[in-house]
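Coordinate-derived values only; no laboratory data. Quick caveat: nothing in here was measured; it's all calculated off a predicted structure. When we count neighbours, we look across all protein chains shown, and the Cβ atoms used for this are built from the backbone with ideal geometry, even at glycine.
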2 protein chains.
Amino acid sequence: MKFSTQELMEGIRSGNKRLIAKAITLVESKKEEHRRQAEELLKELMHFTGNSVRVGVTGVPGAGKSTFIENFGRLAIANGKKVAVLAIDPSSAINKGSILGDKTRMEELAKEENAFIRPSPSSGFLGGVANTTFETMMICEAAGYDYILIETVGVGQSEVLVADITDVFLFLKIIGGGDELQGIKRGIMEMVDLIFINKVDKDNLQKAKNTRLELKRALDFIPPKEKGWKVPVLFGSALSNEGLDEVFQKINEFISLKKKTHRFEEVRKQQAEKRYEYWVQEYILSAMKKSNSLEEAYLQHKKNASALVFNPSTEAKLFVEKFLSEN
Amino acid sequence: MKFSTQELMEGIRSGNKRLIAKAITLVESKKEEHRRQAEELLKELMHFTGNSVRVGVTGVPGAGKSTFIENFGRLAIANGKKVAVLAIDPSSAINKGSILGDKTRMEELAKEENAFIRPSPSSGFLGGVANTTFETMMICEAAGYDYILIETVGVGQSEVLVADITDVFLFLKIIGGGDELQGIKRGIMEMVDLIFINKVDKDNLQKAKNTRLELKRALDFIPPKEKGWKVPVLFGSALSNEGLDEVFQKINEFISLKKKTHRFEEVRKQQAEKRYEYWVQEYILSAMKKSNSLEEAYLQHKKNASALVFNPSTEAKLFVEKFLSEN
């Protein structure tokens with residue numbers, strides 16, 4: 001890395017986008033020396049974090065997430081806010097093209113002085129996705145961004161991870177073929193704080209109202225996530241900027257409520273503990289990964305367990321003994 | 001332990017209840033020498049496992065779980081089956097009385113030659129509950145029990161754990177005060193394979209029908225857990241043996257379906273892998289626990305993370321470095 005921690009620090013604090021991007025590359029790196037500098041940097045930056053509203057956005061491909069984020073971001077900027085966009089794309093490790101695709105789709109937002117857009121790579125052993133997004137978020141907060149929008153493409157466990165690092169979780173829905181709940185991933189409805197039915201116009205207004213009714217009924221069957229908050233089901237068109245002001249307003253209402261009930265800080269503390277536990281596991285796993293033979297042993301013992309003729313706990317013990325003896 | 005592995009093995013295989021109980025005590029022990037013998041034993045027993053139907057039973061206190069299990073167990077025995085009952089009670093570590101309470105409540109079943117009843121203690125570092133229930137189940141299977149009923153009192157994450165080691169998950173419901181879905185724990189409805197509305201008689205039959213309707217509607221809003229299986233909502237009275245034969249039949253239907261679609265074995269393999277991952281973590285945690293200073297360090301770094309002024313991943317790294325250097 002060509003920049004000193006001090007230089008990166010100052011660059012971030014003064015809002016220098018090039019240095020913000022450099023710092024993010026640093027925290028995303030798996031090289032030990034980079035990791036060391038990243039931790040040095042984060043240690044300094046932590047004092048300047050915590051002041052943004054962290055918004056998770058999910059929805060099936062085609063729900064219009066990029067357009068929503070672009071125009072919602074511009075609305076927030078028009079309201080005097082600074083907006084950072086992070087995308088979690090588990091496919092990015094394989095297909096770099098899809099990220100660039102996303103990036104160019106948000107070109108109007110990218111032109112804004114008060115916007116910062118960054119795709120986030122997937123990474124991690126054993127299916128961990130975007131485990132550095134939390135730290136990227138810290139950098140953006142220290143750089144003074146007021147709203148941090150985190151997009152998830154909804155593959156695997158990515159929604160859970162995003163819900164675990166954000167203050168408000170948004171679900172974009174498009175009108176389906178009648179059975180509106182079909183196709184909604186298990187568990188999503190229990191995670192959401194706000195639903196926006198997108199791509200609604202004059203022609204499908206009645207359908208949108210039916211969809212809303214069905215979603216509201218489904219929500220009635222789910223215990224509330226935050227006391228005193230009834231998940232709003234809004235609709236409009238992100239492309240024509242219809243309904244986005246209402247979303248903006250509802251998000252702010254929700255954040256105010258959580259601050260009033262002290263749940264805002266409470267949840268963030270729980271999230272930090274979860275992050276810690278996640279990283280303890282991750283660092284132990286990466287110690288395992290250092291040697292190919294350990295990783296192979298891990299998988300072989302797992303395979304033995306899965307064959308149903310070996311006791312899982314015995315296999316686990318054999319592996320952990322090997323692991324501890326080699327460290 | 002006074003018995004050799006061979007003696008325990010033979011005792012289990014011949015259905016000697018006293019030796020079955022001894023073997024369970026062995027796998028529940030945290031002493032290293034017991035653990036070693038337990039693994040020796042399980043290694044031999046694994047070849048004789050896999051042949052039971054594993055049934056998880058949950059419901060709020062007062063739903064009649066013990067009565068249900070007792071009379072359902074007797075019904076299965078009347079059908080020529082052998083039944084083992086394991087109870088997961090996270091309070092047992094503190095309150096041994098409640099287990100004995102449960103035990104005596106099932107005294108009719110306990111008298112049966114073909115029944116075996118065993119409460120299961122909670123244990124584990126960092127909130128792990130009843131992590132040896134899986135192994136206790138292996139012992140019961142090797143002893144030839146056809147149905148293994150696992151009761152959970154529904155505290156904390158116990159349902160998830162039980163759902164993760166069983167083939168069919170049953171939810172006992174009693175008729176509530178009108179809003180039937182209030183009071184159902186988050187996530188339960190997505191886990192169940194069968195619902196039984198208990199304590200229904202002539203006087204509350206109409207209410208039971210309303211409850212059933214409401215539960216069925218709620219289920220319509222939940223993506224199916226097993227393809228081709230619509231969760232049945234049955235009702236009756238466990239105390240008067242009404243409706244239990246239908247439950248027995250539906251469980252067998254469900255198992256047949258899962259076997260036909262090969263989901264039965266597939267899910268068990270996934271469960272075994274999960275168990276393996278669980279135990280890898282558990283053995284690493286127990287290596288941490290060996291030293292008080294390590295456990296204190298773990299908690300102190302976690303506290304730092306939760307204070308929101310230290311970076312969770314840095315705290316995790318500091319801890320893992322300490323841990324690996326001491327092992």
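For helix A:17-28, report the angle its Cα long axis makes with the longest principal axis of the Cα atoms of chain A; keep it between 0 and 90° and round to the nearest 10°.
50 degrees
Return the single residue from B:I77, B:I222, B:I195 with maximal mean-square fluctuation; model: Gaussian network over chain B, springs between Cα atoms under 10 Å.
B:I222
State to the nearest 20 debye the size of the charge dipole of the protein assembly as shown about its Cα centre, where the only charges are +1 on K and R beta carbons and -1 on D and E beta carbons.
420 debye
What are the distances, in nm and sorted shortest first, from the label point of B:L308 to the label points of the same position in each other copy, with each label point placed 7 Å from Cα along the Cα-to-Cβ direction?
4.9
Indicate, rounded to the nearest 5 percent, the antiparallel portion of the DSSP beta bridges found entirely in the protein assembly as shown.
If we restrict to bridges inside the protein assembly as shown, about 5 percent are antiparallel.
Taking 2.2 N^0.38 Å as the expected size of a compact globular protein, what ratio does the Cα radius of gyration of chain A give against it, to two decimals?
1.08
Any chance you could give the angle, 0 to 90 degrees and rounded to 10, that helix B:292-306 forms with the longest Cα principal axis of chain B?
Relative to chain B, helix B:292-306 is tipped by roughly 70 degrees.
Copy-to-copy spacing for A:T25, label 7 Å out on the Cα-to-C-beta vector, in nm, shortest first?
Listed shortest first, these distances are 6.5 nm.
I want the antiparallel fraction of DSSP beta bridges within chain B, as a percent rounded to 5.
Antiparallel bridges make up about 5 percent of those DSSP assigns within chain B.
Based on alpha-carbon atoms only, what is the radius of gyration of the protein assembly as shown relative to the globular estimate 2.2 N^0.38 Å?
1.04
Place the label 7 angstrom along Cα→C-beta at B:K209 and in each other copy, then list the distances from the first to the rest in nm, shortest first.
Once sorted, the set of distances for B:K209 reads 3.4 nm.
To the nearest 20 debye, what is the magnitude of the charge dipole of segment B:180-229 about its Cα centre, counting +1 on the Cβ of each Lys and Arg and -1 on the Cβ of each Asp and Glu?
Around 60 debye, computed over segment B:180-229.
Tell me what chain B gives for mean residue ellipticity at 222 nm when only DSSP H runs of n ≥ 4 count, each as -39,500 (n - 2.57), the sum divided by the residue total, rounded to 500 deg cm²/dmol.
Per the formula, -16500 deg cm²/dmol.
To test your reading of the geometry: what angle, between 0 and 90 degrees and rounded to tens, separates the Cα axis of helix A:96-105 from the longest principal axis of chain A?
20 degrees
Of A:S291, A:S325, A:V247, which is farthest along the charge dipole of chain A in the positive direction, counting Lys and Arg as +1 and Asp and Glu as -1 at C-beta?
Positive-most Cα among the choices belongs to A:V247.
Quick one: which of B:K209/B:K250; A:K303/B:K290; B:K30/B:K82; B:K17/B:K290; B:K216/B:K258 span more than 26 angstrom between C-alpha atoms?
Pairs exceeding 26 Å: A:K303/B:K290; B:K30/B:K82; B:K17/B:K290.
Please give the average number of partner chain Cβ atoms lying within 10 Å of the Cβ of each residue in A:267-280, rounded to a whole number.
6
Sorted by mean Cβ packing within 10 Å, highest first, what order do the peptides A:198-205, B:211-218 take?
Top of the packing list down: B:211-218, A:198-205.
Would you grab the residues whose amide H sits under 5 Å from the one on B:N131? Only those 5+ places off in sequence or on another chain, please, with H modelled 1.01 Å from N.
B:S123
Based on the Cα coordinates of segment B:1-48, what is the per residue volume of their convex hull in Å³?
Residue-normalised Cα hull volume stands at 61 Å³.
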